[in-house]
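Here's the structure, in structure tokens; my notes come after.
The values are calculated or read from the model by the stated rules, or taken from the named source; none is laboratory data. Predicted model, so just to flag it, every value in this text is computed and none were measured. For neighbour counting, all protein chains shown are included, and Cβ atoms are generated from backbone atoms with ideal geometry for every residue, glycine included.
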Amino acid sequence: MPFGLSKATVLGAAGSGGGSYDPAYTWIEDIKTSNSTTQEIAFTSLPSTYHALHVIGNYGFTAGHYTEVRMTTDVVNCMASGYELGGVGSGGPYGANSNQSTRIFLGGYTSSSTLQNDPGGSYLEMIFPGYTNTDEPVAGYAYCSYPTTAGWNSNLGFEGIIRADSPNTSGTNTAGLDEIRVRTSSGYFYENSKFSLYGIGTATDG
Amino acid sequence: MADSAIDLIAASNYAGSTTSLTFTGIPQTYKHLKIIANLCTDINAGENYSSQNVHMRLNNDSTAGTYRWTKLGMGSGTYADDETNGSYADIGIIAGDYHADYPHHSPLIVTLFNYSANEPTSWQAQCGFTKDDNSNISGVYLRSGGGVATAGSGSDWGISQIEIYASNVNLTSTSRISILGYND
């Protein structure tokens with residue numbers, strides 16, 4: 001189907017579902033850590049043929065760390081708006097607006113005494129609709145959870161909107177959303193941490 | 001060959017300089033729907049809104065009491081609200097045209113559960129934005145959920161039409177919606 005055209009009228013005429021529709025989800029790439037000395041994973045070859053990108057991560061830490069995200073090769077301000085919510089000792093919800101210089105922090109972090117020293121334990125999901133647009137800075141939805149119950153601030157999760165300031169109005173940053181990087185603030189991902197990238201729908205300038 | 005679990009059943013960009021996009025003829029052959037959208041405010045509108053709400057109307061039904069919803073807003077502060085007699089569904093918040101150098105993209109994700117059944121349909125929505133207001137960060141993320149009841153006449157309710165519209169500001173033609181159908 002040509003980009004930008006609606007299927008709504010087609011649906012009205014056909015009135016039936018089934019195999020004639022385009023596939024909604026397409027698997028693109030998996031990244032799985034083969035050791036416990038990897039601090040950052042990166043999806044650097046993003047296809048431009050989808051409306052949205054979907055990232056799912058299931059991972060552990062070697063100690064208590066933050067999860068950080070970068071959405072562009074430009075080193076720019078990264079913004080987040082949403083909330084943090086925790087369990088024992090941390091409470092919330094806490095409204096969370098932030099502006100970081102190079103990466104986006106996704107909430108709190110796991111304690112060194114609980115789940116992080118295993119595969120899995122933490123969960124990340126991000127969706128970036130309209131990611132191919134390079135005229136304006138694109139935003140995405142992010143959810144991150146740390147299912148541990150030890151210590152204040154150890155299990156704060158984040159849900160909200162994230163964005164990098166690229167391109168910017170001064171023209172010093174132009175890359176847009178051309179890669180997705182996930183890393184720990186320090187330390188490493190545990191071995192067998194896995195991140196998957198999917199494409200959703202069909203591409204458009206939006 | 002196994003059937004696809006999820007199909008792309010509709011996709012369209014907004015026309016530009018419009019507030020609304022409507023999908024009609026949605027097939028009743030799926031179990032759940034997921035709406036994934038990229039909404040961009042027209043910053044040249046001159047309306048001076050810092051933000052605006054995003055609404056959803058189902059089956060072109062604007063009868064008061066059809067929609068009941070709750071919402072939770074987060075960002076620099078927190079707030080909560082609910083509606084028990086709504087004529088539309090409040091599903092999100094997007095950047096306005098005030099202090100916006102760019103038509104910042106506001107992601108919207110809505111899941112409609114059991115939409116094709118002749119019974120109340122519930123949804124969950126996530127939407128929000130971040131905006132650089134003269135170098136000061138601002139933004140709001142909104143999570144909302146609620147239910148929509150069968151029309152007062154008791155007529156069949158399977159959802160065949162969905163309208164997503166901004167409450168006041170226009171959206172650019174780069175704004176786009178994809179609707180996915182989930183099979184049983």
Q: Only residues that are at pLDDT 90 or above and more than 24 Å from A:Ala63 (Cβ to Cβ): list them for the range A:92-132, please.
A: A:Ile127, A:Phe128, A:Pro129, A:Gly130, A:Tyr131, A:Thr132
Q) Does the range B:98-120 contain any residue that is surrounded by fewer than 17 Cβ atoms within 10 Å (Cβ to Cβ) and among the hydroxyl-bearing types (Ser, Thr, Tyr)? A) no
Q) Would it be correct to say that A:Ser170 is free of Cβ contacts under 8 Å to residues at least 60 places away in the same chain and either within 14 Å of chain B (Cβ to nearest Cβ) or over 13 Å from A:Glu68 (Cα atoms) (or both)? A) yes
**Q.** Residues (outside any strand (DSSP E or B) and within 8 Å of chain A (Cβ to nearest Cβ)) located in the range B:29-56
**A.** B:Thr29, B:Tyr30
Q | Given (1) closer than 18 Å to B:Pro103 by Cβ; (2) away from chain A (no Cβ under 11 Å); (3) of a type outside the set (Asp, Glu), index of the condition B:Ala15 fails | A | (2)
Q: From B:Asp132, B:Asp101, grab the single residue that is closer than 23 Å to A:Ala139 by Cα, modelled with pLDDT under 90, in a strand (DSSP E or B) and more than 18 Å from the chain's Cα centre (by Cα).
A: B:Asp132
Q: Could you grab me the full set of residues in the range B:18-28 that are more than 20 Å from A:Thr204 (Cβ to Cβ) and more than 7 Å from every other protein chain (Cβ to nearest Cβ)?
A: B:Gln28
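Conditions (1) at pLDDT 95 or above; (2) within 14 Å of another protein chain (Cβ to nearest Cβ); (3) within 14 Å of A:Phe128 (Cα to Cα); (4) in contact with a helix residue (DSSP H, G or I) (Cβ under 8 Å, 6 or more places away or on another chain), marked per residue:
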site: A:Pro23; (1), (2), (3), (4): no, yes, no, no
site: A:Asp30; (1), (2), (3), (4): yes, no, no, no
site: A:His54; (1), (2), (3), (4): yes, yes, yes, no
site: A:Ala63; (1), (2), (3), (4): no, no, no, yes
site: A:Glu68; (1), (2), (3), (4): no, no, no, no
(Q) Considering only the range B:18-27, I want to know if a residue exists there that is touching a residue at least 12 places away in the same chain (Cβ under 8 Å), closer than 24 Å to B:Glu119 by Cα, buried (at least 22 other Cβ atoms within 10 Å of the Cβ) and within 14 Å of the chain's Cα centre (by Cα). (A) yes
Q) Of the residues in the range B:71-98, how many are more than 27 Å from A:Phe128 (Cβ to Cβ) and part of a strand (DSSP E or B)? A) 7
Q) Got a sec? Which of B:Asn59, B:Asn85 is surrounded by 17 or more Cβ atoms within 10 Å (Cβ to Cβ), more than 13 Å from every other protein chain (Cβ to nearest Cβ) and modelled with pLDDT of 85 or more? A) B:Asn59
Q: Mind counting the residues in the range A:164-206 that are assigned to a loop (DSSP other than H, G, I, E, B) and over 22 Å from B:Ser106 (Cα atoms)?
A: 9
